[in-house]
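The values are calculated or read from the model by the stated rules, or taken from the named source; none is laboratory data. Remember, it's a predicted structure, so these values are computed and weren't measured experimentally. Don't worry about glycine lacking a Cβ; one is built from the backbone with ideal geometry, like all the others, and counts go over all protein chains shown. The area values use the complete protein model at the heavy-atom level, side chains included, leaving out ligands, DNA and RNA. Shrake-Rupley method; radii C 1.70, N 1.55, O 1.52, S 1.80 Å.
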Amino acid sequence: MRKPMVAGNWKMNGLSSSVRALIEGIQQEPHLSSSIDMVVFPAAVHLSLVRDLLAGTSLAWGAQNLYLGENGAFTGEISGSMLTDLGCRYVLVGHSERRALFGEDSALVAAKFQAALQARLQPILCVGETLKQRERGETEKVIQEQLAAVVKKAGISAFRQALIAYEPVWAIGTGLTATPEQAQAVHIAIRRYLAEQEVDIAQTIRILYGGSLKADNAPQLLAMPDIDGGLVGGASLEAKSFLAICQEAMAVKLGQRVA
Ligand code: PGA
């Protein structure tokens with residue numbers, strides 16, 4: 001049984017006052033985080049505040065990005081060891097906004113994945129196709145290429161320490177979601193690709209779905225056998241909707257466990 005994870009990607013949102021309020025709101029349901037992994041990804045400037053607020057709880061936090069190496073002349077960048085120092089356990093790597101808006105290519109994403117592991121962070125590798133690629137029938141090919149670049153650089157065993165988030169680019173922030181069947185098909189394709197190299201990794205790695213995941217579509221998506229939780233953007237900015245998704249993740253997965 002893979003433990004479900006619901007992760008909130010707050011992107012470039014929030015000020016200290018709203019971050020404080022959001023964390024307080026999320027902590028209203030402490031029982032959830034004993035059954036599932038709950039993680040928040042605030043903006044880097046809010047990481048130390050979040051660490052102070054969450055210290056001693058079972059909620060984890062992580063960063064949305066990192067740069068290579070431990071330190072050096074890289075103005076504006078943040079290293080993995082700086083993130084570990086702030087108590088981060090996870091880091092997002094290769095989010096489609098980083099790929100599309102900040103020119104991160106597969107080689108840089110792979111290097112960041114490796115840098116995360118070197119800093120003892122668990123990377124959540126984001127993969128996903130654009131609408132054009134889906135329409136051309138290239139979804140699996142694109143995702144395989146995104147995975148292959150990381151496997152080539154870091155080796156397949158590195159995935160023992162990692163998670164994957166399947167986030168169709170056309171579903172991010174658009175209100176469109178992949179149907180449960182579409183998402184499940186891609187999650188299976190990811191496992192099939194990994195199984196060609198290491199069967200146990202394919203079976204144990206957690207693969208999250210992301211892209212307009214909300215409380216109302218979470219039950220169907222999270223019920224899919226190969227979807228192990230969600231990476232939530234917009235709906236993670238309100239405690240109520242984030243907790244509702246966490247609740248679904250817990251209910252669905254606990255239900256499966258009993259069944
Ligand atoms: P969304 O974002 O839930 O707002 O679509 C998801 C993500 O970008 O991780």
Requested in this report: Considering each residue of segment 158-191, count those that are part of a loop (DSSP other than H, G, I, E, B) and within 16 Å of the ligand (Cβ to nearest atom), and give that number.
Outcome: 10
Query raised in the report: Of everything in segment 113-126 that's aliphatic (A, V, I, L, M) and away from the ligand (no atom under 16 Å from the Cβ), which residue is surrounded by the most Cβ atoms within 10 Å (Cβ to Cβ)?
Result: Ala116
Report task. Mind listing just one residue for me: the one in segment 206-229 that is out of contact with any helix residue (DSSP H, G or I) (no Cβ under 6 Å at 6 or more places or on another chain) and touching a residue at least 60 places away in the same chain (Cβ under 8 Å) and, of those, nearest to the ligand (Cβ to nearest atom)? Result -> Gly210
Report task. Please indicate, with yes or no, whether at least one residue in segment 72-91 is open to solvent by 10 Å² or more (accessible area, probe 1.4 Å), within 16 Å of the ligand (Cβ to nearest atom) and either touching a strand residue (DSSP E or B) at 6+ places or on another chain (Cβ under 9 Å) or not in a helix (DSSP H, G or I) (or both). Result -> no
Query raised in the report: Could we say that Leu194 is at pLDDT 95 or above, closer than 29 Å to Leu117 by Cα and not in a helix (DSSP H, G or I) here?
Result: no
Report summary line: The condition from (1) under 18 Å from Ala111 (Cβ atoms); (2) open to solvent by 30 Å² or more (accessible area, probe 1.4 Å) that Trp170 misses is numbered (1)
Requested in this report: With the checklist (1) surrounded by fewer than 20 Cβ atoms within 10 Å (Cβ to Cβ); (2) away from the ligand (no atom under 13 Å from the Cβ) in hand, flag the one item Cys246 doesn't pass.
Outcome: (1)
Query - Answer from Glu129, Glu104, Glu138 - the residue that is touching an Asp or Glu at 6+ places or on another chain (Cβ under 8 Å), within 16 Å of the ligand (Cβ to nearest atom), modelled with pLDDT of 95 or more and over 25 Å from Asp37 (Cβ atoms) - result: Glu129
Requested in this report: Among the numbered conditions (1) assigned to a helix (DSSP H, G or I); (2) of a type in the set (A, V, I, L, M, F, W, C); (3) surrounded by fewer than 19 Cβ atoms within 10 Å (Cβ to Cβ), tell me where Ala215 comes up short.
Outcome: (1)
